[in-house]
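So the structure is just underneath, and the comments pick up after that.
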Amino acid sequence: MYRFIRFAILLMGLLSASSSFAADAHLEPLTTADDLGPVVEQPIEFPHNRHAKDMGINCIYCHTYSRRGNVAGIPPMQKCIGCHQNIESVRETPRIKKLFEYWDAKKAIPWKKVHDLPDFVRFNHERHIKRFVFQQNRPVQEVCGACHGDVKEMTVARRQKSLAMGWCMSCHEKEHVVVAQGGMPIGTAAYWYAMKKPAVKADGTVVAKGPNDCSSCHY
Amino acid sequence: MSVTNLLENWSEFRHAHPVGDVPHDPYKWAMSIDLDACTGCNACSVACYAENNLPVVGKEKYAAGHSMHWMRIERYWPVDDTTSLEPATREFPDQGAQFLPMMCQQCEAAPCETVCPVGATNHTPDGLNSQAYNRCVGSRYCSANCPFKVRYFNWYDYPTTENVWPAEMTQQLNPDITLRSKGVMEKCTFCVQRIRAGERSVKNEGRVLKDGEVQTACQQVCPTGAITFGNLIDSESKVHQQWKAQRVELTADEQEKDKEADSGLRGYRILEELRAYPSVMYMERVRESAI
């Protein structure tokens, strides 16, 4: 008899616990089922496809801080104006007119963040760009695309990957070549990845994994 | 973390030192503190508050046991007559105070690490005792098990608590470190944000950190240079030379100073007999006179 009462109390507790959890449902889920992030409405519908695909502009030309800082950042407006003041053919199109409105009013464009990590994670762009673009000599769009998706096919960027820790680790657990053919050599002095010496394979290639220690990213 | 990776590299996880087969390489962060140079000025403590976004909890919360100071100065006063059981005649003698800066000792065999139910505190390959705030569930078991009592709990959500950071002061918070939320444990990290930033910059150059390239906040401000921080493996580093000069061994539970009387050595570690193998060496005071 008591067993049933206990069971009933447990059930009630579980129910109330789950319902109180559901009360927090106003929080947006971190990822959607297909890993696509929410659609972000930007003040100007920036056409990444025109710039990255049609014009073939290097990602790092505008997102220049990605190779020397933690945060890739948003390019300053001078970068837009620097080119667009000389491009008469699109000067009267609605998006460019809007750009110059901001420029003449001396106001920053209030871009919204698309790839937003929680505050307890420290992601570093610089190391990823240095490692994969410069040392491994891979195409920039492939390297950026590993996390940001195929941006050259988008207008306004949308998050394509989950950016969850397990997803980060799926790449950090793989062995990557340290310096590939044509890549930037990194000197003869000792260097470490993942706080470990890189391993040397039987055929002489030097490989290393990404850091997998908690305090590499969480502090 | 896949199961195969977990099984293959099991010895690397929850890896407690000292063990001979997995030596620290290339870094083992350690510290030495010269108590003879320490004047108890509290500059280290203030620098720590500024660097690590520590909330100033105030008198009432402190009295309630909700203290929050990663770096604290402990005071010791001489007793008039050590043989007497009577209380000292004066609470604060005019002179003779001795000071001891106390922060997380980054133990190699840390008692806090083994008791964490969720693995939020771990040993890193470079010899730090890391704390992942987002993983911590606030059981406070680590604090209970810490022999040095240097772990501090967030009893309140300090960033949103009134008067902890007045609105105009939020601009001075350090963006390189998390603002801890309510219900997580925190402690001195040896300024891990500075270490990681240094590591990143030297990785670009394909080398390892040299002595002096990473300073902790407390070391940086100490007016008498009592605090030395560095890589214990690097034989060029000042901290290595100080440990060596004092013949303090990381993996020993009794140092030379205590083995032989009149050895002239000053180096020791606190509560060594507990075999937590701390990474902070203290050099005992020589001066007799007070400050």
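The values are calculated or read from the model by the stated rules, or taken from the named source; none is laboratory data. Just so it is clear, the model here is predicted, and its values are computed rather than measured. Here Cβ is always computed from backbone atoms with ideal geometry, including for glycine, and neighbour counts include all displayed protein chains. Side chains included, ligands, DNA and RNA excluded: accessible areas come from the protein's heavy atoms. Shrake-Rupley method; radii C 1.70, N 1.55, O 1.52, S 1.80 Å.
Hey, if you put +1 on the Cβ of every Lys and Arg and -1 on every Asp and Glu Cβ in region B:157-291, which of B:Asn231, B:Thr251, B:Tyr277 ends up farthest toward the positive end of that dipole?
The one lying farthest along the dipole's positive direction is B:Asn231.
If you take the C-alpha gyration tensor of chain B, multiply each eigenvalue by 5 and take the square root, what semi-axes do you get, largest first, in whole Å?
30, 27, 20
From the C-alpha coordinates alone, can you work out the Kirkwood hydrodynamic radius of region B:177-248, in Å?
Final number for the Kirkwood radius of region B:177-248 is 14.0 Å.
Which entries of A:Lys53/B:Lys203; A:Lys107/A:Lys152; B:Lys187/B:Lys257; A:Lys209/B:Lys203; A:Lys209/B:Lys182 have Cα-Cα distances beyond 25 Å here?
A:Lys53/B:Lys203; A:Lys107/A:Lys152; B:Lys187/B:Lys257; A:Lys209/B:Lys182
Leaving out same-chain residues fewer than 8 places away, which lysines sit with a Cα under 20 Å from that of B:Lys210?
A:Lys196, A:Lys197, B:Lys28, B:Lys238, B:Lys244
At a 1.4 Å probe, what is the % contribution of carbon and sulfur to the accessible area of region A:92-219?
C and S atoms contribute 59 percent here.
Going 7 Å from the Cα of A:Lys174 in the Cα-to-Cβ direction, what parts of region A:190-219 have a backbone nitrogen less than 13 Å from that spot?
Counting only backbone N, you get A:208-210.
Based on C-alpha coordinates, I'd like the Rg and Dmax of the protein assembly as shown, in Å.
Using the Cα atoms of the protein assembly as shown, the pair Rg, Dmax is 27.3, 95 Å.
Need one number: buried accessible surface between chains A and B, 1.4 Å probe, both sides summed, DNA, RNA and ligands left out, in Å² to 100.
Chains A and B together bury roughly 2600 Å² of accessible area.
Please compute the average number of Cβ atoms from other chains found within 10 Å of each residue's Cβ in peptide B:119-126.
Taking all residues of B:119-126 together, the mean is 4.
Given labels modelled 7 Å from the Cα in the Cβ direction, how far is it in nm from B:Met169 to A:Lys113?
Inter-label distance under the simple model: 2.4 nm.
List the pair-distance distribution P(r) of region A:59-177, using every Cα-Cα distance, as the percent of pairs falling in each 5 Å bin from 0 up to the bin containing the longest distance, rounded to whole percents.
P(r) over region A:59-177, rounded to whole percents: 2, 9, 16, 21, 19, 13, 9, 6, 3, 1, 0.
Kindly state, to the nearest 0.05, the FRET efficiency for A:Glu142 paired with B:Asp36, given R0 = 60 Å and r defined as their beta-carbon distance.
0.55
Quote the charge dipole size of the protein assembly as shown about the Cα centre in Debye, to the nearest 20; the model charges only the Cβ of Lys and Arg (+1) and of Asp and Glu (-1).
1700
Mind giving me the FRET efficiency for B:Glu272 and B:Val118? R0 is 30 Å, r the Cβ-Cβ distance, nearest 0.05 is fine.
0.55
Taking chain B as a whole, which cysteines find no other cysteine Cβ under 4.7 angstrom from their Cβ?
Flagged as lacking a Cys partner: B:Cys38, B:Cys41, B:Cys48, B:Cys107, B:Cys116, B:Cys136, B:Cys146, B:Cys191, B:Cys222.
Shielding by partners for B:194-201, please: the mean number of other protein chain Cβ atoms within 10 Å of each residue's Cβ.
The mean count of partner-chain Cβ atoms within 10 Å per residue comes to 3.
Of the options B:Trp70, B:Gly40, A:Ala202, report the single residue whose Cα projects farthest towards the positive end of the charge dipole of the protein assembly as shown (beta-carbon charges: Lys, Arg +1; Asp, Glu -1).
Working it through, the farthest residue towards the positive pole turns out to be A:Ala202.
State, to one decimal in nm, how far the label point of B:Val46 lies from the label point of A:Val200, with both points 7 Å from Cα in the Cβ direction.
5.3
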